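So the structure is just underneath, and the comments pick up after that.
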Amino acid sequence: MSAKAAWRALADGLAIAVRVTPRGGRDALTAGTEEHFVARLAAAPVDGAANAGLVALVAKTFGVPKRAVTIVAGETARLKRLHIAGNATTLAEIAAALYGPRA
């Protein structure tokens, strides 16, 4: 199984899985396991702050507006599924670059 299981191209963008660590220091989105990316967020998981921080981080990393990123599953869980609207090919290339040569 390749790192590509952490993301899947869709007709209207990209679906990604992310394991979130709130209060994890500075914000960073990196390669994780074959099943998900890893996001460290400075925000605490209070009043949706960590989710808002995750949406902003993913949008910045993938070069899309925040409105293009939606949490589709795992709103209150550490493991979340997100949808990123945009060109699937371009978004998949960015995802692959986060995983580096092993992707």
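The values are calculated or read from the model by the stated rules, or taken from the named source; none is laboratory data. This one's a predicted model, so the numbers in the text were calculated from it and none came from an experiment. Methodologically, a virtual Cβ is constructed for each residue, glycine included, from the backbone with ideal geometry; neighbour enumeration extends over all protein chains shown. Each accessible area value is taken on the protein alone, full model and side chains, heavy atoms only, with ligands, DNA and RNA left out. Shrake-Rupley method; radii C 1.70, N 1.55, O 1.52, S 1.80 Å.
Odds and ends about this structure:
- Taken as a whole, the structure places Thr30 among residues that are at negative phi, surrounded by fewer than 16 Cβ atoms within 10 Å (Cβ to Cβ), modelled with pLDDT under 95 and under 13 Å from the mean Cα position of the chain (by Cα).
- Count - residues of the stretch 63-86 that are in contact (Cβ under 8 Å) with a residue 60 or more places away in the chain and at negative phi: 7
- Selected residue [under 18 Å from Lys66 (Cα atoms) and either surrounded by 17 or more Cβ atoms within 10 Å (Cβ to Cβ) or in contact with a Ser or Thr (Cβ under 7 Å, 6 or more places away or on another chain) (or both)] from Ala15, Ala6: Ala15
- Matching residues in the stretch 2-52 - criterion: being of a type in the set (Gly, Ala, Ser), out of contact with any Leu (no Cβ under 8 Å at 6 or more places or on another chain) and under 17 Å from Ala92 (Cα atoms): Ser2, Ala3, Ala5, Ala6, Ala11, Gly32
Every residue, every condition in (1) modelled with pLDDT under 95; (2) touching a Leu at 6+ places or on another chain (Cβ under 6 Å); (3) open to solvent by less than 40 Å² (accessible area, probe 1.4 Å); (4) among the aliphatic types (A, V, I, L, M), yes or no:
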residue	(1), (2), (3), (4)
Lys66	no, no, no, no
Ile71	no, yes, yes, yes
Arg81	no, no, no, no
Ile84	no, yes, yes, yes
Leu91	no, yes, yes, yes
Ala97	yes, no, no, yes
Pro101	yes, no, no, no
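- When Thr76 is tested against (1) at pLDDT 95 or above; (2) over 19 Å from Glu34 (Cα atoms); (3) β-branched (Val, Ile, Thr), just one condition goes unmet, and that condition is (1).
- Scanning the stretch 41-55 for residues being in contact (Cβ under 8 Å) with a residue 12 or more places away in the chain, open to solvent by 20 Å² or more (accessible area, probe 1.4 Å) and in contact with a helix residue (DSSP H, G or I) (Cβ under 9 Å, 6 or more places away or on another chain) gives a total of 5.
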